[in-house]
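Down below is the structure, laid out as structure tokens.
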Amino acid sequence: MKIRLLAALALATPLLFASTASAQNPQQLQQLLQTGECIKCNLAGANLTGAHLIGADLRGANLKGADLSKANLEGADLTGANLEGANLSSAFVTNANFKQADLDRVNFTNATIHNANVYQASMDDMNISDADIYGTAIGIGGEDAVIPDWD
């Protein structure tokens, strides 16, 4: 009996540590959803599909690999945030602030991106297929780049 219990514990222990070592912080995720504010939060890999984050303050947040597909980020402040590899397909990011953010490998497929601030943002290998981009310095080869006045 003791051997079975020890064997079960030996098998279960890595699973317990794996769940507690998760990249995202559940308390910070809850804070964001309740207050719309989570400065420098660790939300890496978080599932925020369809979330209403209008005007959210996510300055310096770690959203690496997060799923923000179909999310509404209108007016959200993501200054200095890490969104590397995040999924923002079909997201609404009008008037969002991505100043100095890491947007490398972000999926913006079918997203609506109007008047977003991307000043000094890193934008390597972004997917902007079928995205509706207006008044934002994102374009293929820089031809469509428009720098809005962010005074």
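Between Asn95 and Gln27, what length comes free when the chain is fully extended (0.36 nm per residue of separation minus the Cα-Cα distance, one decimal in nm)?
The span from Asn95 to Gln27 would gain 21.7 nm if fully extended.
Just order 64-74, 112-122 by mean Cβ neighbour count inside 10 Å, highest at the front, would you?
Result, highest mean first: 64-74, 112-122.
I need the Debye-formula profile for region 25-151: one equal scatterer per C-alpha, no solvent, reported as log10 I(q)/I(0) at q = 0.11, 0.13, 0.15, 0.23 1/Å, two decimals.
For region 25-151 at q = 0.11, 0.13, 0.15, 0.23 Å⁻¹, log10 I(q)/I(0) is -0.30, -0.43, -0.58, -1.46.
Measuring from label point to label point, each 7 Å out along Cα→Cβ, what is the Tyr134 to Ile54 span in nm?
For Tyr134 paired with Ile54, the spin-label model returns 1.8 nm.
Only the coordinates and a few stated rules stand behind these numbers; no lab work does. These numbers were taken from a predicted model, which means no experiment stands behind them. FYI the Cβ positions are ideal-geometry reconstructions off the backbone, even for glycines, and counts take in every protein chain you see.
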